[in-house]
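The values are calculated or read from the model by the stated rules, or taken from the named source; none is laboratory data. Please read all numbers here as calculations on a predicted model, not as lab measurements. Neighbour counts are summed over all protein chains in view; Cβ atoms, including those assigned to glycine, are modelled from backbone coordinates with ideal geometry.
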Amino acid sequence: MLERIKAALPALPPAEQRVARLLLLDPRAFASLPVSELAERSSVSKPTVVRFCRSVGYDGLADFKLKLAGSVNEGVPFVHRAVEEDDKPGDLLVKVVDNAVAALLHFRNDASSHAFERAISVLAEAGQKGRRIEFYGVGNSGIVAQDAHHKFFRLGVRSTWCSDGHVILMAATMLGPGDCAVILSNSGRSRDCLDAAEIARKKGATTVILSSSGSPLAQIGQAPGQVLLAIDHPEDFERYSPMVSRLLQLIAVDVLTTGVALKLGERLRPMLAEIKKNLRSKRYVA
């Protein structure tokens, strides 16, 4: 709803644009304020507020606010707000957290459970048969790949990670049937990741791709026998340091780790308990 209004903003008359900007600035307040207050804050007349609602496809202000209030009452942050240069720390806290929560909920609603089921199955099978599970990523995604390895190796599987482009290609070359390469890329356009995915696939390994849908890397994940876990978000990877995309990758890894742990079953418990026991000696005492 709000994305559509944002896209239509340039085509609206100047007065209605002011109403739209007020809406996009604080949708929660817009849903609760009376028409007189909305008109005053937008510096327009009350009929202009109603005309704006009709211009964007609703029967009037009541219908528009009803749809907007429905989003508010669901408790879902419904707009990704960009930070401004004059934002105070309190503003940054609200905007960054709201953006993250909104992206996580959007991912929860849109993620393919079937794709996750397939990914968990192939990873669990590789772990049970002692095959290699390798995580590849460069830059920020390389850090997530390391986190994924840190989670998986504790499951007693043959796991490793690479973030160096040359090492990724050498590692992919040594894969074989039954092995799994989990490849993470925010943009899905990294040459190192694309080459590694093609090499792993040709060697007979299964690739599990975590990337934005529609990217070149995602196309490899859609090939027969491969798995695509689409991770879409509103961040512009050409301009911004990844924030939300990193969180979504981490969440996807957590889902995979949990699913594989459940597949591996009871044999994990004694090992995990022993790991915990041995780690106690590394803790600082009060």
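Here are some notes:
- Test for residue 119: is it closer than 30 Å to residue 6 by Cβ and in contact (Cβ under 8 Å) with a residue 60 or more places away in the chain: no
- Residue among 127, 178, 165 that alone is assigned by TED's automatic domain parsing to the domain that holds residue 243 and at positive phi: 178
- Number of the condition not met by residue 58 [criteria: (1) assigned to a helix (DSSP H, G or I); (2) within 26 Å of residue 106 (Cβ to Cβ)]: (1)
- Pairs are defined by a Cβ separation below 8 Å, a sequence spacing of at least 6 or placement on different chains, a first member in segment 137-161 that is not assigned by TED's automatic domain parsing to the domain that holds residue 247, and a second member that is surrounded by fewer than 19 Cβ atoms within 10 Å (Cβ to Cβ) and assigned to a loop (DSSP other than H, G, I, E, B); no pair meets this definition.
- Residue in segment 232-248 that is without any contact (Cβ under 8 Å) to a residue 40 or more places away in the chain and within 16 Å of residue 120 (Cα to Cα) present: no
- Residue in segment 6-16 that is closer than 30 Å to residue 250 by Cβ, in contact with a helix residue (DSSP H, G or I) (Cβ under 7 Å, 6 or more places away or on another chain), at pLDDT 85 or above and part of a helix (DSSP H, G or I) present: no
- Scanning segment 197-216 for residues that are more than 16 Å from the chain's Cα centre (by Cα) and surrounded by 20 or more Cβ atoms within 10 Å (Cβ to Cβ) yields a count of 7.
- If you go through segment 42-51 and keep only what is buried (at least 17 other Cβ atoms within 10 Å of the Cβ) and part of a helix (DSSP H, G or I), you end up with 42, 48, 49, 50, 51.
- Counting the residues of segment 149-185 that are assigned to a loop (DSSP other than H, G, I, E, B) and within 19 Å of residue 129 (Cα to Cα) gives 8.
- Taking the listed residues 2, 33, 38, 24, the one that is under 16 Å from residue 69 (Cα atoms), in contact with a helix residue (DSSP H, G or I) (Cβ under 9 Å, 6 or more places away or on another chain) and at pLDDT 90 or above is 38, with no other qualifying.
- Any hit, segment 183-190, residues being without any contact (Cβ under 8 Å) to a residue 12 or more places away in the chain, buried (at least 17 other Cβ atoms within 10 Å of the Cβ) and assigned by TED's automatic domain parsing to the domain that holds residue 161: no
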